[in-house]
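Below: the structure, in structure tokens.
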Amino acid sequence: MPTTQVPSPQDADYEDLLSLWADLESGLAMVLANPHNIPDFGSKIRQYDRWMQDLLLQDTDTALYLLFQLATNASVGYSALHALVCAVLCHITALELRLVDSERDSLVCAAMTMNIGMTQLQDSLAVQTTPPTDAQQTLIRGHAAASCQVLADVGITDPDWLDVVATHHSPHDPHSDIQALGLVPRLSHTLRVVDRYAAMVSPRKSRTGRSVTDSVRSIMTSALGPHDPVGFALVRAIGLCPPGTYVRMDSGETAVVLRRSAKANHPLVAMLLNRKGDTFAPPRLHRTATSSPLIQAALTQDAVTVRVNHQSLLRQGIYADRLATAR
């Protein structure tokens with residue numbers, strides 16, 4: 001982990017921030033792949049958690065943009081990236097749900113390590129073009145218990161962290177109000193919702209990723225019914241179409257979401273293609289919170305083939321936000 005201070009958005013460009021997130025992901029990947037060889041494993045995971053929080057404090061919108069671009073493009077090293085995306089989304093959702101620090105900490109550490117018992121298998125499945133074999137299915141079904149055992153073996157003693165990992169695929173009573181549940185079932189359900197959402201938007205060799213709105217529909221209707229408070233908290237926090245995702249406007253144009261706005265689900269977007277499919281040169285920034293066109297639908301990553309200068313767009317988005325704030 002670097003000892004230098006994380007640069008602020010004013011000083012860090014897209015490549016700097018991408019490099020910092022990539023360093024965090026690669027460090028986490030090494031720890032998750034070799035847990036028994038990491039001295040003081042629990043302290044290392046908490047160190048990566050603090051690093052993640054530092055990056056998010058600099059600019060959450062840019063972080064979400066980078067992570068959704070990575071999640072919808074990468075398949076190599078899937079397990080660590082998925083763990084990082086889930087940890088970020090759990091952190092943001094925990095803030096929305098107003099969890100106390102100790103609950104947030106157990107939830108995020110569980111998100112980072114929930115699949116540590118099948119790290120290599122998860123990486124293999126992401127690039128496998130065929131469905132899981134019977135043997136792989138057996139390992140998948142047992143991975144929560146296996147992950148909990150690995151964590152216990154490397155010295156994790158936080159009972160909530162361990163129990164959330166052990167139960168993150170164990171649905172609770174569908175007739176129970178989530179607020180009436182104990183701490184571990186509540187945190188397990190939160191992680192389960194985030195895990196499903198992140199998995200659905202990420203592509204595999206055997207299938208394309210789903211659009212974020214399709215994923216949202218799925219998590220909104222969970223074992224708790226059509227109004228899952230965790231799903232609503234996640235969408236309130238990151239938006240129906242988060243930064244880094246592609247959308248079709250009701251005017252027929254194609255855009256990428258740059259930044260959230262104070263008006264829920266009305267983000268700042270950059271228009272990439274006109275209704276005929278011709279490229280905007282340069283892309284045109286548009287605030288959906290103040291004028292039409294509005295977002296009509298989310299698009300999957302593979303539906304948009306135009307080359308995007310992400311560095312330039314992020315700089316413009318940050319600058320536009322500063323201008324709006326200064327007024």
statement: Looking across the stretch 226-273 at residues that are of a type in the set (D, E, K, R) and more than 27 Å from PRO185 (Cβ to Cβ), the single one that is surrounded by the most Cβ atoms within 10 Å (Cβ to Cβ) is ARG259
message: Let me confirm something: among ALA166, ALA152, ALA144, ALA111, which residue is of a type in the set (A, V, I, L, M, F, W, C) and either over 28 Å from PRO229 (Cα atoms) or loosely packed, with under 13 Cβ neighbours inside 10 Å (or both)?
response: ALA152
- prompt: Among the residues of the stretch 204-223, is there at least one that is closer than 25 Å to ALA126 by Cβ, buried (at least 23 other Cβ atoms within 10 Å of the Cβ), at pLDDT 85 or above and under 15 Å from the mean Cα position of the chain (by Cα)?
  reply: no
statement: Within the stretch 288-306, residues being out of contact with any Asp or Glu (no Cβ under 8 Å at 6 or more places or on another chain) and buried (at least 17 other Cβ atoms within 10 Å of the Cβ) number 5
- request: Within the stretch 92-121, work out how many residues are under 16 Å from VAL165 (Cα atoms) and assigned to a helix (DSSP H, G or I).
  value: 16
- prompt: Can you tell me which of GLN128, GLN120, GLN137 is surrounded by fewer than 13 Cβ atoms within 10 Å (Cβ to Cβ), out of contact with any Cys (no Cβ under 9 Å at 6 or more places or on another chain), within 18 Å of HIS82 (Cα to Cα) and modelled with pLDDT under 95?
  reply: GLN120
- prompt: List the pairs whose first member sits in the stretch 122-142 and is within 15 Å of ALA199 (Cβ to Cβ) and of a type outside the set (Gly, Ala, Ser), whose second member is part of a loop (DSSP other than H, G, I, E, B) and at pLDDT 90 or above, and whose Cβ atoms are under 6 Å apart, counting only residues at least 6 apart or on separate chains?
  reply: GLN122/ASN115
- line: Only unsatisfied item for TYR78, checking (1) crowded, with 21+ Cβ neighbours inside 10 Å; (2) at pLDDT 95 or above, is (2)
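The values are calculated or read from the model by the stated rules, or taken from the named source; none is laboratory data. Only a predicted model underlies this, so the values are computations on that prediction, with no experimental measurement involved. Note that we place each Cβ from the backbone using ideal geometry, even for glycine, and neighbour counts take in every protein chain shown.
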